[in-house]
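Scroll down for the structure; my scribbles are underneath it.
The values are calculated or read from the model by the stated rules, or taken from the named source; none is laboratory data. The shown structure was predicted, so the numbers you read here are calculated from the model rather than taken from an experiment. Cβ placement follows ideal geometry from the backbone for every residue including glycine, while neighbour counts extend to all protein chains displayed. Heavy atoms of the whole protein, side chains included, go into the accessibility calculation; ligands, DNA and RNA do not. Shrake-Rupley method; radii C 1.70, N 1.55, O 1.52, S 1.80 Å.
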Amino acid sequence: MFKFASSSNSSSKLSSSSSEFSIPKPEPVQVLDNHIINLICEELQFETYMALDQQLRTSSHLAARQGLLSFGLSSKAFLEPALNVLWRILSSVDPLLSVLPETTIVEGKKMLVKQIAPKSWDRLRFYTSRVQTFDQRILSEKEESSIHTSVYARLGQLQPIFPALSEFHPTISISVSNSLMFFLSRTINTASLPAFFPHAKSSKDVEEGIDFGPSLSILAWKSPGIQTLYLESDARYTGFSASITCFNNLKSLRIVRLSHYDSDFINGIASLQKLSYLNLTLPDNASFDVSDINGGFSTLNTLRISGSPGEIHKILKLVSTSTLSELRLTCNLHSVWEENRTGMPDLTRCLDRFSSLTVLEVSSISEIDLNLFDAQFLWLLFSPILRSSLLRKLAYELPLFLTDQRAAEMAVAWPHIESLSLTSETWGEGIPPIESLRHFAEHCPRLESLEFPVRVNFVVDLKPPSPPPPTLFMHPLRNFRCILYDDVKSPAIVALHLYQIFPGLKWADGPGSGWSEVQSTLNAFHFLSKQDRQLLE
């Protein structure tokens, strides 16, 4: 006989057993933070941009763009961040035409023949409101010619084509046509007129005879709030001064060599009250009258200028001595050094006027014939730089005759120097010994990178010099490059000298042979030093 328990007893047992072996409830799914979603999409920004370049893009760039699109379509939470990145940068309006059913192709060119329907306008604004940069610098000629010029007027008939556009780099065809105004809005803060095309074989013939003056005037009228402007065409900009003064918020201006300069060209630039960065290429055969300019360039912080020494000197005399902190000079010197004795001294002597100068680069685009008799004159050109005591970076490419004493003067003059590069030509007795580097170890406690000419070979049949006493602190110098083309015949001795002077030096090289052996020996010194420290611990 079987005896069954009552229902109450059985239910109590079941409840007790279920409490002992209860299955945990699943935790609620955590919602992915919007900030993390944005970071994921932003990580693919560069690859999606490179996918627009038909000449340089790779399969990985295309895969990244396709992957970002798939990521956005996988969830509503991902769609907006993904679309913002995908549409942030465009190089053509072709993607816009692909979402409009009114687009037709006539004789190989895409056009908008039919009236754009209201629903199509809504679809168009859904995408154009996301575009922040219209950059045609990566556009090929084939891509540019596939769009009929009438398209721009149709897309911009109600408002600017891209209402939230902040950066604008158009082709020459757009820059000089009525299509330009359909892109312009007050939201633009960076623009080129026209954009520089790295893929173009030669744009000089195309630009010859073109006047970008009217286009610059339209740009100033429609987008007066531009803060960064690049004028990179070898063409005319008629009325430049009148137009440039309309950019009241302009902070950065780059102008390459123009084919024509108005008489008030410099006056217009000098009048910009907020200009902090200027990159200017001056013509070889033009002379500017700056006698009537007073108080110009009062806010200039960075100046990069190229031209003859005399014309560069004229501009420097206008610049405020208390605001300029970065100066890069590219001098178009005469191949015969005697011809440079008139303009160069005035140019270099005026450098010590700038009390706040922290970065200075001086180079030349000309080959110069020199001899030993020029040595003292070359040092006189260089010596005014010694009075710029706040320099943190110096790159000097003009010829220079150096000695151990002059190396000491340099080290004492620049206690804040972090990067020093003297890549100029030197010769004979103008090459200081390797021991001269100790001056920089003693007087330049912030120096991290050094390019300097030193003698790395020693007199045959003589005992090589003893290494200098070791530096008693870990100097921050990490990179040293000897600019001489001499081969290193005693790598171990050179490495020992460098290690004793700069115990923290990681990389040492030069254009001559033997520097790989110097580097290997230097690595061995660091390894042994590390072993010694571990034993002491």
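Can you report the number of residues in segment 349-365 which are small (Gly, Ala, Ser) and either in a helix (DSSP H, G or I) or closer than 16 Å to Thr323 by Cβ (or both)?
Final tally of qualifying residues: 2.
Is there a residue in segment 121-128 that is open to solvent by less than 40 Å² (accessible area, probe 1.4 Å) and touching a Ser or Thr at 6+ places or on another chain (Cβ under 9 Å)?
no
Being free of Cβ contacts under 8 Å to residues at least 24 places away in the same chain and out of contact with any Gly (no Cβ under 7 Å at 6 or more places or on another chain) narrows it down to one of Ser120, Ser166, Ser145, Ser150, so name that one.
Values: Ser166 fails: free of Cβ contacts under 8 Å to residues at least 24 places away in the same chain; Ser145 fails: free of Cβ contacts under 8 Å to residues at least 24 places away in the same chain; Ser150 fails: free of Cβ contacts under 8 Å to residues at least 24 places away in the same chain.
Being free of Cβ contacts under 8 Å to residues at least 24 places away in the same chain and out of contact with any Gly (no Cβ under 7 Å at 6 or more places or on another chain) holds for just one of Ser120, Ser166, Ser145, Ser150, which is Ser120.
Pairs needed: first member in segment 290-303, touching a residue at least 24 places away in the same chain (Cβ under 8 Å); second member anywhere, open to solvent by less than 60 Å² (accessible area, probe 1.4 Å) and basic (Lys, Arg); C-beta distance under 6 Å; at least 6 residues apart or different chains.
Listed by first residue and then by second, the contacts come to Val290/Lys314.
How about segment 479-533: which of its residues are assigned to a helix (DSSP H, G or I) and in contact (Cβ under 8 Å) with a residue 40 or more places away in the chain?
So in segment 479-533, the residues assigned to a helix (DSSP H, G or I) come out as 491-501, 515-533.
Val494, His497, Leu498, Ile501, listed by residue number.
A quick yes/no check of all residues on (1) on the phi > 0 side of the Ramachandran plot; (2) under 27 Å from the mean Cα position of the chain (by Cα); (3) not small (Gly, Ala, Ser):
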{"site": "Ser129", "(1), (2), (3)": "no, no, no"}
{"site": "Gly156", "(1), (2), (3)": "no, no, no"}
{"site": "Ile161", "(1), (2), (3)": "no, no, yes"}
{"site": "Glu167", "(1), (2), (3)": "no, yes, yes"}
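Give segment 486-522 a look and list any residue that's open to solvent by 70 Å² or more (accessible area, probe 1.4 Å) and more than 22 Å from Phe440 (Cβ to Cβ), or say none.
Within segment 486-522, Asp487, Lys489, Ser516, Glu517, Ser520 qualify.
If you go through segment 239-266 one residue at a time, how many are modelled with pLDDT under 90 and among the basic types (Lys, Arg)?
1
Among the residues of segment 370-413, which ones are among the polar types (S, T, N, Q), modelled with pLDDT of 90 or more and either assigned to a helix (DSSP H, G or I) or crowded, with 16+ Cβ neighbours inside 10 Å (or both)?
Going residue by residue through segment 370-413, those that are among the polar types (S, T, N, Q) are 371, 376, 383, 388-389, 403, 405.
Those left that are additionally modelled with pLDDT of 90 or more: 383, 388-389, 405.
Within segment 370-413, Ser383, Ser388, Gln405 qualify.
Which members of segment 277-286 meet the condition of being among the hydroxyl-bearing types (Ser, Thr, Tyr) and either open to solvent by less than 40 Å² (accessible area, probe 1.4 Å) or touching a Leu at 6+ places or on another chain (Cβ under 6 Å) (or both)?
Scanning segment 277-286 gives a single hit, Thr281.
Give me the residue from segment 136-168 that is of a type in the set (Gly, Ala, Ser) and within 20 Å of Arg57 (Cβ to Cβ) and, out of that set, modelled with the lowest pLDDT.
Here the residue is Ser140.
Conditions first: (1) part of a loop (DSSP other than H, G, I, E, B); (2) surrounded by fewer than 21 Cβ atoms within 10 Å (Cβ to Cβ); (3) on the phi < 0 side of the Ramachandran plot. Pro214 passes all but one, so which condition is the exception?
Here Pro214 meets the rest and fails (1).
Within segment 53-101, how many residues turn out to be assigned to a helix (DSSP H, G or I), under 27 Å from the mean Cα position of the chain (by Cα) and free of Cβ contacts under 8 Å to residues at least 12 places away in the same chain?
2
Of the residues that sit in segment 146-173 and are open to solvent by less than 10 Å² (accessible area, probe 1.4 Å) and in a helix (DSSP H, G or I), which one is farthest from Leu124 (Cα to Cα)?
Result: Val151.
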